[in-house]
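Before any comments, here is the structure.
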Ligand SMILES: Nc1nc2c(ncn2[C@@H]2O[C@H](COP(=O)(O)O[C@H]3[C@@H](O)[C@H](n4cnc5c(=O)[nH]c(N)nc54)O[C@@H]3COP(=O)(O)O)[C@@H](O)[C@H]2O)c(=O)[nH]1
């Protein structure tokens, strides 16, 4: 029987095709297709990057191996040359005392040095800076500076020269030991280490695979091709710690190629295996998400998603002033699935747009069918991703404009991801505000960056998260007090969520919170049950026909009365009767009501 209070004036207009198309598989699968493509590309990119890392590791390993080979060879060369010079050094003391003696007196002993000191071609005595007596040629007159240039008087000097007066064109390492007798122009013994020995060291069999081995002393450099000038400042592969010589060793291209090839043969397959493993792991770790999204898509197409409605109460008088629509999934195999199990994943997928659209469509339809008075606002959860979807917001605007039928709508938005595309979200706020939608910042205080959305976006309500409300049970009121003060300061109305006990209710009232919802007042329920609840629950009314949130179409009939009980279908209708009883259900009464 129709009630006087709520005229069933216009029949509920059929949903337009364009609106229906919003939830079409096509849109969902297009969005899904592009998300899947990006995921596949991401997986391929990660696998490729892994492979490249392994190839780089192989190249690095090859470089290490080549460097090790080069420094082995350099070490070999340096230690061979060092031991030659060592041998000469160990013998110089015996000959240096001859410096200054006449050549014919010293020559015999000098000549024997050629025999017992290995590697030397000859030895010569120096006096007054002049080489005056040689083991090979006897008396001589060559200025020491011809070979050594500047040389030390207080210690040995070493010089690699391309040749000597006696042996031009024959590389020689000269080692000069000054005598202990002071001689300002220089006296001592000069040894000529034969370049043939030096070349033999460079030519050693163990140095196979090396392209170039250069023995350097000052600006002189000896290679297997002869002496060159050490002009470029190529860093040495190894320097002697005892003598002024160093070595540069380069690997031959053939050796380089073979070492690189060998490392790639090792690291390439390992890299491939790891890349494949990573791709497999990624594909499989994403699989549950993908499977869930596919199931949600199927569920949407089959109409498995339902809406439950939780009353929002004026805490001062218990009057219901609105309802929040909450999704539930009636899965044929998994049973009733709460949103916590899927909404987080869906909210991160374009699928949230058609899903929300179909839920809002369903909610408007339900409320109309069950004649839930239009002054009760409808709160919907709108994900930031939806707000950032131009087409989705246009479709939602059209839906609300044509089907809200004067019912106030509050979009509850969480701050998570709201800033991902701030411009788009701001434009959507504006567009929806233009048709009367108002905004609540949901779960306030649960994220890190809580004040920024309040600054950047135009909100009307602030929903205190149930975590803070629960704390009131234990007398911890400071946070709620602070949130209320903040909300007042910036002109927002506070709605508390998750009120479960009369104590919390009373504390909220004391703290100045006007509105709230929670199991104390009403569990999320079907539209039919909501209609019965609106009729049966003892509650105060809005009194003046306003609901405090001012979200409704103007109506002066607020108190809902039972519809025909015989029909079994409850409808909530308004009458002109107004009750003034403010009634907060006791916790026990609430539980009884819910059990019923
Ligand atoms: N994008 C969308 N998000 C949605 C939608 N429907 C719900 N949600 C979000 O999912 C989260 C979990 O929701 P739900 O399991 O429905 O939980 C809500 C209430 O049932 C619950 N509640 C209400 N009163 C009490 C209470 O007294 N105690 C208690 N422990 N829980 C209570 O709290 C949730 C209220 O959610 P909200 O007011 O939105 O913060 C949740 O984040 C929903 O927002 C949807 O269609 N789209």
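For (1) assigned to a helix (DSSP H, G or I); (2) modelled with pLDDT of 95 or more; (3) touching a strand residue (DSSP E or B) at 6+ places or on another chain (Cβ under 6 Å), each residue gets a yes or a no:
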| site | (1), (2), (3) |
| --- | --- |
| 423 | yes, no, no |
| 428 | yes, yes, no |
| 455 | yes, no, no |
| 458 | no, no, no |
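Could you figure out which of (1) in contact with a helix residue (DSSP H, G or I) (Cβ under 8 Å, 6 or more places away or on another chain); (2) under 19 Å from residue 310 (Cβ atoms) isn't true of residue 331?
Of everything listed in (1) in contact with a helix residue (DSSP H, G or I) (Cβ under 8 Å, 6 or more places away or on another chain); (2) under 19 Å from residue 310 (Cβ atoms), residue 331 misses just condition (2).
Output the qualifying pairs, or none if there are none: Cβ atoms under 6 angstrom, residues six or more apart or on different chains, first residue in segment 318-333 and touching a residue at least 24 places away in the same chain (Cβ under 8 Å), second residue assigned to a strand (DSSP E or B) and away from the ligand (no atom under 15 Å from the Cβ).
321/314
Which condition breaks for residue 471 when tested against (1) touching a residue at least 12 places away in the same chain (Cβ under 8 Å); (2) within 16 Å of the ligand (Cβ to nearest atom); (3) surrounded by fewer than 18 Cβ atoms within 10 Å (Cβ to Cβ); (4) not in a loop (DSSP other than H, G, I, E, B)?
(1)
Hey, can you tell me all the residues within segment 444-468 that are farther than 25 Å from residue 399 by Cβ and within 15 Å of the ligand (Cβ to nearest atom)?
Listed by number, the residues that qualify are 444, 445, 446, 447, 450, 462, 464, 465, 466, 467, 468.
So residue 38 fits all but one of (1) loosely packed, with under 12 Cβ neighbours inside 10 Å; (2) at pLDDT 90 or above; what number is the exception?
Tallying (1) loosely packed, with under 12 Cβ neighbours inside 10 Å; (2) at pLDDT 90 or above, residue 38 fails exactly one: (2).
From the list 122, 157, which one is touching a helix residue (DSSP H, G or I) at 6+ places or on another chain (Cβ under 9 Å), under 19 Å from residue 200 (Cβ atoms) and buried (at least 19 other Cβ atoms within 10 Å of the Cβ)?
Residue meeting the stated conditions: 122.
In segment 415-446, which residues are within 19 Å of residue 487 (Cβ to Cβ) and in contact with a helix residue (DSSP H, G or I) (Cβ under 9 Å, 6 or more places away or on another chain)?
415, 418, 429, 438, 439, 441, 443, 444, 445, 446
Hey, among the residues in segment 493-513 that are more than 16 Å from the ligand (Cβ to nearest atom) and in a loop (DSSP other than H, G, I, E, B), which one's surrounded by the fewest Cβ atoms within 10 Å (Cβ to Cβ)?
Per the stated criteria, the residue is 512.
Consider residue 236 against the criteria (1) outside any strand (DSSP E or B); (2) over 15 Å from residue 78 (Cα atoms): it satisfies all of them except one. Which criterion is unmet?
Among (1) outside any strand (DSSP E or B); (2) over 15 Å from residue 78 (Cα atoms), residue 236 violates only (2).
What number of residues in segment 51-104 are in a helix (DSSP H, G or I) and either at pLDDT below 90 or closer than 28 Å to residue 127 by Cα (or both)?
Number of matching residues: 18.
If I ask for residues that are assigned to a helix (DSSP H, G or I) and away from the ligand (no atom under 16 Å from the Cβ), which ones from segment 396-421 would you list?
397, 398, 401, 402, 403
If I ask for residues that are under 38 Å from the mean Cα position of the chain (by Cα) and surrounded by fewer than 16 Cβ atoms within 10 Å (Cβ to Cβ), which ones from segment 393-416 would you list?
Listed by number, the list holds a single entry, 394.
The values are calculated or read from the model by the stated rules, or taken from the named source; none is laboratory data. Not measured: the values here are computed from a predicted model. FYI the Cβ positions are ideal-geometry reconstructions off the backbone, even for glycines, and counts take in every protein chain you see.
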